[in-house]
1. Please note which strands (runs of 3 or more DSSP E) are completely contained in segment 124-209 and include at least 2 residues that are over 22 Å from ASP60 (Cα atoms) and open to solvent by 30 Å² or more (accessible area, probe 1.4 Å).
2. Given the criteria farther than 23 Å from PRO278 by Cβ, touching a residue at least 24 places away in the same chain (Cβ under 8 Å) and in contact with a Pro (Cβ under 8 Å, 6 or more places away or on another chain), does LEU63 qualify?
3. SER83 - would you say it is more than 26 Å from THR204 (Cβ to Cβ) and either open to solvent by 50 Å² or more (accessible area, probe 1.4 Å) or over 14 Å from the mean Cα position of the chain (by Cα) (or both)?
4. Out of all the residues in segment 52-66, is one or more assigned to a helix (DSSP H, G or I), open to solvent by 100 Å² or more (accessible area, probe 1.4 Å) and either touching a strand residue (DSSP E or B) at 6+ places or on another chain (Cβ under 8 Å) or of a type in the set (A, V, I, L, M) (or both)?
5. Can we say THR222 is at pLDDT 90 or above, open to solvent by less than 40 Å² (accessible area, probe 1.4 Å), assigned to a helix (DSSP H, G or I) and among the polar types (S, T, N, Q)?
6. Would you confirm, using the coordinates I've provided, whether PRO140 is over 30 Å from LEU235 (Cα atoms) and in contact with a His (Cβ under 9 Å, 6 or more places away or on another chain)?
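The values are calculated or read from the model by the stated rules, or taken from the named source; none is laboratory data. All figures in this text were calculated on a predicted structure; none of them were measured in a lab. Reconstructed Cβ throughout: ideal geometry from the backbone, glycine too, with neighbour counts over all protein chains shown. Each accessible area value is taken on the protein alone, full model and side chains, heavy atoms only, with ligands, DNA and RNA left out. Shrake-Rupley method; radii C 1.70, N 1.55, O 1.52, S 1.80 Å.
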Amino acid sequence: EWTRIGSKMVRLQNSLRSREQAALETLRQKVAREAAALRHNARHVNQLDVLLGFAQLAEDANLVCPIVDESNEFHVVGGRHLSVEMGLHEQQRRFVKNDLSIDAGSRLHLITGPNMGGKSTFLRQNAVIAVLAQAGSFVPADAARIGVVDRLFSRVGAKDDLFRDRSTFMVEMIEMSEILNRATERSFVIADEVGRGTATAVGTSIAFATLLQLLNVSKCRTLFATHFHELADMLGYVDPADNQQAAAHQPSLNVGFYCTDVVEATDDAVIYDHRLRPGVNRESHGLKVAQLANMPGEVIDNARRTLEWLLARRQPPVEAKQGRQTMEM
């Protein structure tokens, strides 16, 4: 009796398996016949899913519809960095909006300012705005008009690749070389602290040569943030506060000079003005940042004395300057 029952169970299992395989094969053939229609519907469902996500984000984050045209310009009013803004909101802090206007008369913007002054955030937020605009999304700004970008290049941060014998500076140069060799007039480049990985004089020289290449050869839209404020002087910038007449006749190099600033610096805090203004900022406030990071007091004191000594070495004595002037006369 047990043998008959076992045989029936085996036959039943085999029958179920064959019917399952037949049903699966029938379904597979139906899917194959409708494959084109299914793929067509899947594309539409994917697009609808993305657009609904964009719409929800635009509603939640107060985004605006950008104008994307065939020009080589890049205009943003009240631009924001969504990730940074959301993080600040969690701390009950307000994100400072910034404008950007790149056109034929100002293709490259040289941006200076203190440490933690918001330069890197400004670079990244405009790169994100360019990507979102061309992906079909609304953008985090009050208004935006962006000429089509064929390539977006980014040289930011510090990293090494020791497995391939590449130091931090070597990686920086490889990435910058890729940009200089591939960027076109329709490209958008953000470059942060080019040349910082080597000696100051060499880094400044490389940064200046990179600027000239971007300006004269690539001719692309560029945001170039740096602590090498000497680059502004090398490009012919004249501070209106020092010489108003000369500043009114600055050479037209298709370069815009902008900076962030420090409103107030005390022993306990640094208050930044993250809104970009025209000009050049020659103060990094790096010692203040080091102090806020709880570096030992004796280290800060030694650093301050060393900085004073280095700055004094750069400035020749007043008597010597007067003597040279007399000899020249």
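1. 152-155
2. Considered against the rule, which asks whether it is farther than 23 Å from PRO278 by Cβ, touching a residue at least 24 places away in the same chain (Cβ under 8 Å) and in contact with a Pro (Cβ under 8 Å, 6 or more places away or on another chain), LEU63 comes out as yes.
3. Numbers: more than 26 Å from THR204 (Cβ to Cβ): yes; either open to solvent by 50 Å² or more (accessible area, probe 1.4 Å) or over 14 Å from the mean Cα position of the chain (by Cα) (or both): yes.
Criteria met by SER83.
4. Checked segment 52-66: at least one residue is assigned to a helix (DSSP H, G or I), open to solvent by 100 Å² or more (accessible area, probe 1.4 Å) and either touching a strand residue (DSSP E or B) at 6+ places or on another chain (Cβ under 8 Å) or of a type in the set (A, V, I, L, M) (or both).
5. No: the conditions fail for THR222.
6. Answer is yes for this residue.
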